[in-house]
1. Taking the stated definitions as given, is D:Asp63 farther than 25 Å from C:Ile289 by Cα, without any contact (Cβ under 8 Å) to a residue 24 or more places away in the chain, under 24 Å from the mean Cα position of the chain (by Cα) and more than 8 Å from every other protein chain (Cβ to nearest Cβ)?
2. Restricting the search to the range B:102-125, which residues are under 23 Å from B:Pro313 (Cβ atoms) and in a loop (DSSP other than H, G, I, E, B)?
3. Output the number of the condition that B:Ile204 fails; it satisfies all remaining conditions of (1) within 8 Å of chain A (Cβ to nearest Cβ); (2) surrounded by 22 or more Cβ atoms within 10 Å (Cβ to Cβ); (3) within 30 Å of A:Ser119 (Cβ to Cβ).
4. Testing B:Arg187 on (1) away from chain A (no Cβ under 14 Å); (2) closer than 30 Å to B:Gly290 by Cα; (3) not in a helix (DSSP H, G or I), one condition comes back false. Which one is that?
5. Check the range D:333-353 and report whether any residue there is among the acidic types (Asp, Glu) and surrounded by 24 or more Cβ atoms within 10 Å (Cβ to Cβ).
6. Looking at the range B:10-26, which of its residues are within 14 Å of chain A (Cβ to nearest Cβ) and either charged (D, E, K, R) or buried (at least 24 other Cβ atoms within 10 Å of the Cβ) (or both)?
7. Can you find even one residue in the range B:41-58 that is within 30 Å of A:Ile288 (Cα to Cα), over 20 Å from the mean Cα position of the chain (by Cα) and more than 14 Å from chain A (Cβ to nearest Cβ)?
8. Can you tell me which residues in the range C:311-322 are within 7 Å of another protein chain (Cβ to nearest Cβ) and either over 16 Å from D:Asp269 (Cβ atoms) or outside any loop (DSSP other than H, G, I, E, B) (or both)?
Number of protein chains: 4
Amino acid sequence: MGDNTLGTLFKITSFGESHGKLVGIIIDGTPAGIELNLEFIQNELDKRRPGQSDLTTPRKEKDKVKIVSGIFNDKTTGAPICLYIENKDIDSSEYEKFKNILRPSHVDYSALKKYGGYSDYRGSGRFSGRITAGFVMAGAITKQILSKYNISIFAYTEAIGRVLDKDVYDSIPFKELLKQRENSPVRSINQKKSEEMEQLVKEIKIQNDSIGGIVKCIIRGFPAGKGGPIFNSLESKISHAIFSIPGIKGIEFGAGFRATKMKGSEHNDPWILKEGKVVTTKNSSGGIIGGISTGMPIEFTIAVKPPATISIPQKTVNIDKLENVEFEFTGRHDPCIVPRVVPVVEAITAVVLLDSLLIEGFIPKVFEST
Amino acid sequence: MGDNTLGTLFKITSFGESHGKLVGIIIDGTPAGIELNLEFIQNELDKRRPGQSDLTTPRKEKDKVKIVSGIFNDKTTGAPICLYIENKDIDSSEYEKFKNILRPSHVDYSALKKYGGYSDYRGSGRFSGRITAGFVMAGAITKQILSKYNISIFAYTEAIGRVLDKDVYDSIPFKELLKQRENSPVRSINQKKSEEMEQLVKEIKIQNDSIGGIVKCIIRGFPAGKGGPIFNSLESKISHAIFSIPGIKGIEFGAGFRATKMKGSEHNDPWILKEGKVVTTKNSSGGIIGGISTGMPIEFTIAVKPPATISIPQKTVNIDKLENVEFEFTGRHDPCIVPRVVPVVEAITAVVLLDSLLIEGFIPKVFEST
Amino acid sequence: MGDNTLGTLFKITSFGESHGKLVGIIIDGTPAGIELNLEFIQNELDKRRPGQSDLTTPRKEKDKVKIVSGIFNDKTTGAPICLYIENKDIDSSEYEKFKNILRPSHVDYSALKKYGGYSDYRGSGRFSGRITAGFVMAGAITKQILSKYNISIFAYTEAIGRVLDKDVYDSIPFKELLKQRENSPVRSINQKKSEEMEQLVKEIKIQNDSIGGIVKCIIRGFPAGKGGPIFNSLESKISHAIFSIPGIKGIEFGAGFRATKMKGSEHNDPWILKEGKVVTTKNSSGGIIGGISTGMPIEFTIAVKPPATISIPQKTVNIDKLENVEFEFTGRHDPCIVPRVVPVVEAITAVVLLDSLLIEGFIPKVFEST
Amino acid sequence: MGDNTLGTLFKITSFGESHGKLVGIIIDGTPAGIELNLEFIQNELDKRRPGQSDLTTPRKEKDKVKIVSGIFNDKTTGAPICLYIENKDIDSSEYEKFKNILRPSHVDYSALKKYGGYSDYRGSGRFSGRITAGFVMAGAITKQILSKYNISIFAYTEAIGRVLDKDVYDSIPFKELLKQRENSPVRSINQKKSEEMEQLVKEIKIQNDSIGGIVKCIIRGFPAGKGGPIFNSLESKISHAIFSIPGIKGIEFGAGFRATKMKGSEHNDPWILKEGKVVTTKNSSGGIIGGISTGMPIEFTIAVKPPATISIPQKTVNIDKLENVEFEFTGRHDPCIVPRVVPVVEAITAVVLLDSLLIEGFIPKVFEST
């Protein structure tokens, strides 16, 4: 109930369905007086759009963003901003055909139990990855606000299947990483690994199967002392938001699960004075200690499961006839959603961080240009 | 700001400091009419208590729970329940000595930036693991409520350092697992691994170092169709709560990070009719799809970092003098907190799940005994 | 910040501006499976629409409701419902002319201080009464849900200026009251008073002035034992929502301010058994005691101030030139908004009450028709 | 469910019962570094304490405040502050005797329906006015914080029964008003009216009856541009909090219900430049327009009903035997609670205003003394 609003002072409210009229987002709590680059919003959205390459679903959507409130004279007014994209290239035939089939690892059964069979099942309705287009639009505005305070967020594909990019990019400016990433159809920043990942996705596609992967996200410029202990820790807030992205099954900050095998003497990040600033010599903590930012880059990785939709025969249940059946989905789908998750992770992280900074009073309610 | 309350209909509010007068919790939203077993609360608390074995901190606290509101004639009234334990065996000398030293991977610097030097640093104040005693008291009440609806939660130590218990316990009743666990000083349910883990912790202790580990949590009996898509997914709510436990750096549901290497055809959980019930033949999803419960056991594992406090010389900064220093903590501390995290994970998970079930209207506001 | 969402489990999010593209509302938390009468939504909206009679603003808007999400096969799905109306008959000329004039008792100055001059001032932007069209759309859906549980809400004009309808309508069915009300251009249910009120508004209009009044709201069929003590009292929640309607300056429940002059022996409502039911012989409490419903009708009245916009010369300040000026607004406006507030009060009250009933678990998350 | 926490960034959580062990409050979100005057907290509490004069209930409670967390070196740390008073002079005999009697205009029936008979009925339990001692403690801390920003809150008894103090005190410093008020056992600031009110209360007491009244509250120094339109209007937030005080049945801001009889030309508050500042020549708006502060004093009055407890025979129902009965309460009680409501109104208003100022970023999270 009331599941579609996130945030304390900076709130986003998601609405729309995959095969309904539109998918949209309301952003509430934006500081007033910020001049927005509307083209940037469209660009961000294009990164999530289906049909970008032959590695993604063949659904073709132009996904042109419309903004219908909250902007006046090209600037934010402080009022809620409503953005949406329309759904055009809809093909619901497969969903009608299989509406009584419990697709394995799809939300069919849990949604049935929750909504009593009334939810819009076409294209997975509210459970579709398409809903995250709203997050991306919200994030595109949020990132512009954060950038005015020199906070930037960058995510990339760290792994697809067993192809893992172990490189560390600490000293490379995001601008360069971004250039690399935009050259890669899988959103890798490592050219060699990118090719291997591409190859893997193509093979998986030929097999009519799907594959998972890992997205890494890095935030630079986030000030120290923000966030909170206990129930509003930065990890709590970020993970809460990240798990609202369909298909995410894990998150770890800094050394994460590797930390479980470490000794304290290995894991601990020593403080040091460097050019008058207090920094750590390494960043096992991922920029967060006690739920509060340390001033070091915030770093986390997330586990993306393989898409549930595959075109291989699967055993499952027909819930109407209550019998075990074999089933094969023949509609269009993504063999790997990792590359398309990348911009979504950046977006939703931006939203959470702006909320934290507004709570802290770090960002004023009216933007003062300098 | 306002960081210490969690929940929508079932709220817990945490208060107190490690070296202050007490550590407590307010539970608000409990259904009325539930007869509580007060001894059970004390028992749960005893599992988290310091000084249980020679593997934990030598701080000796009896931690006797006091309940000062919300119970009348031994039953819940629906009013807020306030519980607390007093702090008695306090030794703040080490903290006074080092109050200008930024202890590596401790919250000293981030807290300084957030609270301007006014926070109670003694025993890490609000950032102490001792705060989770409040979670355990809340959880002990919550678990009793859930058990009336046949929902039970069980956590155990899956790994300490590199000692990993890979066994699967799907078909074994919690009652038996609990018996095993209570025999193990490290809260393992695998006797052989338990001995190895113990041995490891003892070695680490001798080295004056610390070690991390993994806790696994399983929930049985949780009904299908609870939770929600988007911002109130069960993964969102559980991870939010789990990251409020000090020292947690990762969480994964079901196959989690292993899923990133899987194909859809491997990962997908086929539905099957079994004795008239709709179940899956395996549980890669960890009992949650689309943020909503499937009716299968909910399963997740969490990464516990090695405690930051070690008695080995470390390089760091004196923030008062603004100079690089070497520092060695000589106070008492835990070489490994994993075993003590186990009851905390159970507790906070119980709190989140009860909130979800109250939101769904699954649990009534007044308990009707049958 | 984040001011535009109301509710705990049943949430509404308001967006749009008076002279922007549209005015809309998102409803989140609707039970699934409810068949909606879309015509009813339009009818409710028509009651708030400008240009209904020569007593209201001459702004002509068709205000055709559009629903773009959350409905599938004519039923609610449990997903957020987005409704909006477009703005068409916009005339912003007056607002451009006076944008540096602080209109007396208008939001110009307080908005300037809050939003730094970036808010959309045309037609009062977010502060316009037109925003309440969103409330009415949400309320029209909510009232349909409540009516399935035999809960009905009725509001009417109790006073305009000094013309006060003192009659009590306790024993008359809402159906009849509604018929009366729909015959009255001022939404009175007392024919004689209606004529006096009309006469008064016409005089006020000729004077280019405006006038206030009182709206009374009655809820029948609301079950006993809902609401809560302390911070979620029904009075707290209703008043919170009511004061979000522009122009409201007071609210009282039951005897309200009259109770301040009463003795306990006069004010107290004795309980009595009547046909096996526990009821009170009178209802000074307005159906709420201790913040919780008694099962008697919930009753409250609200104070509506005279519209600030009048076409009479007024002294005030030019904020740009920082000088005292005289000013006369010549645009279109309402001489009295009381009749148009009536449907808004019903709507927002419905929203609050449904939220309370969902919190209580009184209304299930999936509608079961009988 | 979860009814006992109020606030967004500055949260208070109420707990305890009238005849339980204690009554307390948790304050969460206090800026760090504020030196508190603990004596002031006790003084504020003494103003609400029973047994202050022969006009109030003869219950004798010393009500000594205890602070058990959140303060370190006499300053706020930013951590939750827990304060409580113990219950000592408890006499529950009357409540045991009448526990099946539905006391007229008491919460007995609505609480029974909500809590199924499990709530603590002794001394009205959670519904007792004694719960507001927690509000007063929270307010005493909040007022100290607000005073550092030159914001002060003053409430007084404007009416008891028909004895109404019509005087206006706009130009008199609060310091003087406070001196007057503290001389009056009924908390009037008009010596003549005070005597009349006292006389009235004494007569009512002899009659074993009770009487209502009006409390007026004025806030000076509150900055312009704070609050918000729509759902977080200052009126919404203040009224929400005020109606959490037992016995309140109405609230009006500025001209309030008088505004309903006014023309716009009478009601409107013209802006004027006065010594370089933008102010209004009068304050019908009560310092709030469009839900946002104007910089003028915030003013509201509240309706306090006569206490339900009287020692006069009343007809009502025995809910156990399901029969109509006559009943006469013989326990101790207040003939008029208006004077004791005065400090509670100040307190809860302070809490709401501080929350708004933290949301606006007007008050920093760490106090910087100057």
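The values are calculated or read from the model by the stated rules, or taken from the named source; none is laboratory data. Note that this is a predicted model, so its numbers are computed, not measured. Every residue, glycine as well, gets a Cβ built from its backbone with ideal geometry; the counts of neighbours run over all protein chains shown.
1. In short, no.
2. If the condition is that a residue be under 23 Å from B:Pro313 (Cβ atoms) and in a loop (DSSP other than H, G, I, E, B), then B:Leu102, B:Arg103, B:Pro104, B:Ser105, B:His106, B:Val107, B:Tyr121 are the ones that fit.
3. Evaluating B:Ile204 over (1) within 8 Å of chain A (Cβ to nearest Cβ); (2) surrounded by 22 or more Cβ atoms within 10 Å (Cβ to Cβ); (3) within 30 Å of A:Ser119 (Cβ to Cβ) leaves (3) as the failure.
4. Going through (1) away from chain A (no Cβ under 14 Å); (2) closer than 30 Å to B:Gly290 by Cα; (3) not in a helix (DSSP H, G or I) one by one, B:Arg187 breaks only (2).
5. yes
6. B:Phe10, B:Lys11, B:Ile12, B:Thr13, B:Ser14, B:Phe15, B:Gly16, B:Glu17, B:Val23, B:Gly24, B:Ile25, B:Ile26
7. Yes, that holds for at least one residue.
8. C:Gln314, C:Lys315, C:Thr316, C:Val317, C:Leu322, listed by residue number.
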